[in-house]
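To start, the structure under review is shown below, and the notes come after it.
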There are 2 protein chains.
Amino acid sequence: MRISLDRQSEVPLYLQIKKNLRQAILSGGLPADTRLPSSRQLARDLGVNRITVDTAYAELEAEGLVYSRMGSGTYVLPLLEPIKTHTTSSHPVWPAWQQELAKNNPARTGNSALNRIRSTEKRQWIDFSVGVGDERLFPEDEFRKVLQRVMRQDGVDAMTYGDVCGYAPLRQTISQIFASQGLLISPDQILITSGSQQALALVSQVLLQPGDTVFVESPTYGYALVLFQSHHVRIMSVPVDDGGMRVDELEKMLQQATPKLIYTIPNFHNPTGSCLNSHRRRQLITLADRHNVPIMEDDFVGDLRYDGQAQPALKSLDPGGRVIYVSTFSKMLMPGLRVGFLSAEGPVFDSLVESKRVHDLATSNLFQHALHSYITVGRYQAHLRVSCQVYRKRRDTILLAIRRYLPADVQFTPPAGGFFLWMKLPEGCVAENLLEASARQGVLFAPGNEFFVSPQEGASYVRLGFASLTPEEIEEGMRRLGKVMFLTKHPNPL
Amino acid sequence: MRISLDRQSEVPLYLQIKKNLRQAILSGGLPADTRLPSSRQLARDLGVNRITVDTAYAELEAEGLVYSRMGSGTYVLPLLEPIKTHTTSSHPVWPAWQQELAKNNPARTGNSALNRIRSTEKRQWIDFSVGVGDERLFPEDEFRKVLQRVMRQDGVDAMTYGDVCGYAPLRQTISQIFASQGLLISPDQILITSGSQQALALVSQVLLQPGDTVFVESPTYGYALVLFQSHHVRIMSVPVDDGGMRVDELEKMLQQATPKLIYTIPNFHNPTGSCLNSHRRRQLITLADRHNVPIMEDDFVGDLRYDGQAQPALKSLDPGGRVIYVSTFSKMLMPGLRVGFLSAEGPVFDSLVESKRVHDLATSNLFQHALHSYITVGRYQAHLRVSCQVYRKRRDTILLAIRRYLPADVQFTPPAGGFFLWMKLPEGCVAENLLEASARQGVLFAPGNEFFVSPQEGASYVRLGFASLTPEEIEEGMRRLGKVMFLTKHPNPL
């Protein structure tokens, strides 16, 4: 192989060799599977040290352009660009089972208006559709140090499969955090999951069969609906008002159908932001018990309260084994950690543990070690205090901004905590159309459709998530949204 | 509050205060919910600086003994020891739905002979039951540095929800690794999962309904069986020999039943260690295609080959959309990472992505960033070379040790790669009894039962995992096992 080297150049020889080979590979001059000369051979050909060639090869290998096979030499890899499965290039006929699947399982979430907009345009959004807290509040440096320390201290231990129920000391910490909120739960009754979404999935797997009935609030968390739909169950909706689930309606519905599960978000409900009042909490437990129906209590932001008095968790009213409690660190701390948990007792807990095992064996052990090392009850409470201060201010900002910039005939109830404000649009204003228009102004929100079993019920609602945006972003976002709403109402301002 | 302080002592005052309060809390002298005096007040009472008291309180809080409520003071937490849900202490009557669950879903894995022994006795085992590689080979320091760098560089980005399909650059790396093994898969057809176990779970969720039929190899991976059972499907077993799945038997079975899935482990099969020969690979694809049945190819250790020639992946023979390929970094690198992946095309890929979303939204983003940063094709190949060298030696060691220490009438085929050696015990020797006896000598292995739909079929088999033990441990373990087998055969050596 002949490579012309410039020995007067400031570019090191190994880099010259590398660049030369790189170009030959990228241009197709050295096609895939070509065996490069041995480094000994090439060094001799070029009159350079063998280490120089080895270094060049190592860099090409690191870039994924070549690979070395033990004892057999270095080969050119196929280029990434033209890598396509034969199938995608030739538009194959899918087997019949695939065609069947395409008919029966129309993908839902990927086709939502929001996902469509997000995937077609990359820009800096003012994004009220987000359902998480502010990543900027995360104590990044501190957590990095903790992770570092844990890896040093626990070493390989933190990197192996852990207990299927989760890292025991972390479960103890969770139990203590519960205790500080008046909820007595033994660490043995806690199962760590990959975010609260997995907890929902495990409960569904254990309790639901195709054809079963599930009661949910209407509206409710969109991915819970998609999850239940994937289990081919009948979903029936219990209406929600400012006091949370309409338990009187629930009672009527229980006369007509016996669900296998009641799914509820009693605190700072997604999407409405409402809280189940304390009277209804007791009624709900009593009804579920009388009708022999398990309750799944999704308490994803239960302790982010900005005003008023905390309500007891349904779990704390549970006479024993009636309520499966689900929560998460993702919303409070960092979504990317994917650490949630559930608590339950009785045979269902064993079934949930078993289900966790077959779903993914266990949740990433290292993060659990790190979380345990990072979170003490005190630190959790401190983080909570700061989060509440910051998010309360944002809630107040969005309330003021709505009054200032949006038409007077939007309807909403100020939320007392959590992430969401649920708003009814003025007569004739359709959320998905508004989204198209506001996206052009760089503003996103969650249209109401995705929170209902029958999407059209949500056509005139929007969910505004305010926790992840700064007051300035909130102000600017509402200003733009107001402008869009005004223009939509008065399409020809001239 | 009166605390006696020793001002002559070398113990700092804040520690004296802390110890004193700690004892009072642990002894019950300060019961839960007691409000501690304000730090200002206590500092005055004791004649110390207020910071001294604050420090003592902060340490108590970090230990989970007290918590502070904003603006309201510091309170004693309930002690962890006596925390029990009312339900576990009072042996409640579970609701009817729980009793039903206990009847229909007897937990299986938790009750296995192996798990029973492990949970009753904590000791240093020589553990041949392990199904992973050697954690000691993991480049711990290097990976820690990578993780550190990624957290600095990508910061909060690495800690948010990522793409549901997984971190795009990591999917590119995987595509390149595939390419280096002759398998052309576009990054767009790769879905990152929480270990390969989750990939199995997603495929099951998408393809299986209660009452459906699944074909598996007999024996096969135990947690796959438990997973399928949790979907309430009928499991039918295709026998395996030294050439892998008996495709001739499969053909007969396909005359009788049409399964919704064929699950196969073609390389270094779990538990038998056998490889599907190349003729049968082509037959299998053809049969599955003719009968319109999807294949799930579980390639958990496919590239850990110690002798002989690599076979093409089933996926590489796929005419398009027939094979769902599943693999993992857990086995090669570190189980605690929980990063696996699957590849498929057509409508089923979209359904799998959708299923991933409802199962846990996405896999931990930080580890994906770190893995991407750590793994290049070259590094992967290098790690593979080292692993093969190390594990080949261990495989050779166990073969020699079996010949040296075990009775001559054990039967096995030396595996050409992977983690497992599958052994038939001498006539009359029952694996679970042998396990009881060998556990007393500190040696564990996986009894054959857990790999069969009808556990008794495995009664005279054991699976020996050799990859995670050093040659010395393997030698010593086989010596002890041999002794136990000799004693079992000749219970009264006198």
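For the range A:247-335, GluC sites (Glu not before Pro) meeting the loop criterion (DSSP other than H, G, I, E, B) and having at most 15 other Cβ atoms within 10 Å: none.
Derived scalar couplings between HN and Hα for the range B:61-66 equal 5, 4, 7, x, 8, 9 Hz in order, rounded to whole Hz, by the Karplus curve 6.51 cos²θ - 1.76 cosθ + 1.60 (θ = phi - 60°), x for Gly and Pro. With its label point put 7 Å out from Cα toward Cβ, A:Ala168 sits 4.5 nm from the same residue's point in the other copies, in order from shortest. How tilted is helix A:13-26 with respect to the longest principal axis of chain A? Cα atoms for both, answer in degrees (0 to 90, nearest 10). Roughly 70 degrees between the two axes. In order along the range B:433-442, phi translates into HN-Hα couplings of 5, 4, 4, 4, 5, 6, 4, 5, 9, x Hz, rounded to whole numbers, per the Karplus curve 6.51 cos²θ - 1.76 cosθ + 1.60 with θ = phi - 60° and x for Gly and Pro.
Would you compute, from DSSP H runs of 4+ residues alone, the mean residue ellipticity of chain B at 222 nm, taking -39500 (n - 2.57) per run and dividing by the full residue count, rounded to the nearest 500? It would help to have the intermediate numbers written out before the result.
Numbers: 18 runs with 216 residues, N = 494.
Rounded to the nearest 500, it is -13500 deg cm²/dmol.
Partner lysines whose Cα lies under 18 Å from the Cα of A:Lys424, excluding those fewer than 8 positions away in the same chain, are identified as A:Lys483, A:Lys489.
Using only alpha-carbon positions, what ratio does the radius of gyration of the range A:280-416 give when scaled by 2.2 N^0.38 Å? Walk me through the numbers before you get to the answer.
Details: Rg = 18.8 Å, N = 137, 2.2 N^0.38 = 14.3 Å.
In units of the globular-protein estimate, the range A:280-416 measures up at 1.31.
Run through the range B:1-68 and list the GluC sites (Glu not before Pro) located in a DSSP loop whose Cβ has at most 10 other Cβ atoms within 10 Å.
Working: sites: B:Glu10, B:Glu59, B:Glu61, B:Glu63; in loops: B:Glu10, B:Glu63.
Within the range B:1-68, the qualifying GluC sites (Glu not before Pro) (loop, at most 10 other Cβ atoms within 10 Å) are B:Glu10.
Database remark: amide H of A:Thr193 closer than 5 angstrom to the amide H of A:Gly340, A:Phe341, A:Leu342 (H placed geometrically; neighbours at sequence offset of 5 or more, or on other chains; Pro and chain starts carry no H). Spatial offset of the range B:313-386 relative to the range B:271-299 amounts to 20 Å, using the alpha carbon center of each.
Between copies, the label points at A:Gly155 (set 7 angstrom from Cα along Cα-to-Cβ) are spaced 3.4 nm, reported in nanometres from shortest to longest.
Summing both sides, the accessible surface hidden between B and A at a 1.4 Å probe radius is close to 9500 Å².
Pairs A:Lys315/A:Lys393; A:Lys145/B:Lys145; A:Lys260/A:Lys356: which are spaced more than 18 Å apart, C-alpha to C-alpha? Over 18 Å apart, Cα to Cα: A:Lys315/A:Lys393; A:Lys260/A:Lys356.
For A:Ser218, the residues whose amide H sits under 5 Å from its own are A:Val238, A:Val240, ignoring neighbours fewer than 5 places away on the same chain, with H placed 1.01 Å from N. Would you mind checking the tilt of helix A:247-256 against the longest principal axis of the Cα atoms of chain A, expressed as 0 to 90 degrees and rounded to 10? Tilt of helix A:247-256: around 90 degrees. Computed from the C-beta positions of B:Asn292 and B:Arg123, the FRET efficiency with R₀ = 51 Å rounds to 0.50. Taking all protein chains as shown and a probe of 1.4 angstrom, A:Ser373 keeps an accessible surface of around 30 Å². In terms of Cα atoms, the Rg and Dmax of the range A:1-77 work out to 11.6, 35 Å. For B:Arg379, the solvent-accessible surface computed with a 1.4 Å probe is close to 90 Å², ligands and nucleic acids excluded. On a per residue basis, the convex hull of the C-alpha atoms belonging to chain A measures out at 232 Å³. Under the combined filter of DSSP loop state and at most 12 neighbouring Cβ atoms within 10 Å, the range B:399-446 retains these GluC sites (Glu not before Pro): B:Glu427. With its label point put 7 Å out from Cα toward Cβ, A:Pro210 sits 1.1 nm from the same residue's point in the other copies, in order from shortest.
Distances between placed amide hydrogens fall under 5 Å for A:Phe268 paired with A:Cys275, A:Leu276, all partners being 5 or more residues away or on another chain.
The alpha-carbon atoms of the protein assembly as shown define a convex hull whose volume equals 231 cubic angstrom per residue. As a length-normalised measure over Cα pairs under 8 Å and 6 or more apart, the relative contact order of chain B settles at 18 percent. B:Tyr405 contributes an accessible area of around 60 Å² to the protein surface, as traced by a 1.4 Å probe with all chains present.
The values are calculated or read from the model by the stated rules, or taken from the named source; none is laboratory data. What you see is a predicted model, and the numbers here were worked out from it, not measured in a lab. With ideal geometry, Cβ positions are generated from the backbone for all residues, glycine too; neighbour counts draw on all protein chains shown. The protein model used for the area step is the full one, side chains on, heavy atoms only, and it has no ligands, DNA or RNA in it. Shrake-Rupley method; radii C 1.70, N 1.55, O 1.52, S 1.80 Å.
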